[in-house]
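Some notes on the structure that comes next.
The values are calculated or read from the model by the stated rules, or taken from the named source; none is laboratory data. Please read all numbers here as calculations on a predicted model, not as lab measurements. All Cβ positions, glycine included, derive from the backbone under ideal geometry; neighbour counts span all protein chains shown.
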Amino acid sequence: MSAINERRERERARRHQLIVTAARELAEVEGWEAVTTRRLAERVEYSQPVLYSHFKGKDAIMGAVALDGFSELAPRLRRAREAAAPEPGDALRAVCRAYLEFATERPALYQAMFVLPTDLKFASDDTPRPLRAAFDEFVSCFRPDDDRRELFAEVTWSALHGMAVLSGSGRIPPGSQDERLDFLVSRIAATPPN
């Protein structure tokens, strides 16, 4: 690849990230309904055709934002798991707490990752590496000799997602999150291995 092509690729990658960052910021302040290609084009000071040269539309932008979010979530979960005490269930509790804190601190990003439509592939051979890395942090909380560890990780993630969405929308009291988390972890961590 020539130096000119390398520079063009770097500029393209920089524009791509600029658009993703602008979408995230706009969504966090005004919600996803405020994120339009017109508003993004104004914000990043590029024309709408330039945006469309990077993304097919708003769903593709949300997919890129979601992938960006998984790139943040996975290391956050890993740090929580690695810092946990060695007692049974402590790693799972730490990962769950980090997940719920992430959802609370970044509601628009969480929506892009888990609620709004994207073209990201979950639980398939095409699952992007950052998404798989986040899921693997849950899997790592369970005994390596238990062949149900991915199942436990799926159930845990599903329950956490329900807690995040329901408490974030005010359908269940956010103040009881620790009690719900303790209940979930105590039940799942107490499940005997196969």
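The table below gives the values:
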quantity: Any pair with Cβ under 9 angstrom, 6 or more apart, that starts in the range 144-166 at a residue that is within 15 Å of residue 187 (Cα to Cα) and ends at one that is of a type in the set (Asp, Glu); calculated: 152/146; 153/136; 153/137
quantity: Considering residues of the range 168-194 that are without any contact (Cβ under 8 Å) to a residue 12 or more places away in the chain and polar (S, T, N, Q) only, the residue nearest to residue 70 (Cα to Cα); calculated: 169
quantity: Check on residue 21, in contact with a helix residue (DSSP H, G or I) (Cβ under 9 Å, 6 or more places away or on another chain), without any contact (Cβ under 8 Å) to a residue 60 or more places away in the chain and not hydrophobic (A, V, I, L, M, F, W, C); calculated: yes
quantity: Residue check, residue 167 in contact with a helix residue (DSSP H, G or I) (Cβ under 7 Å, 6 or more places away or on another chain) and over 18 Å from residue 74 (Cα atoms); calculated: yes
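Quick grid of which residues meet (1) modelled with pLDDT under 95; (2) exposed (fewer than 14 other Cβ atoms within 10 Å of the Cβ):
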| residue | (1), (2) |
| --- | --- |
| 2 | yes, yes |
| 9 | yes, yes |
| 14 | yes, yes |
| 39 | yes, no |
| 47 | yes, yes |
| 52 | yes, yes |
| 63 | yes, no |
| 92 | no, no |
| 95 | no, no |
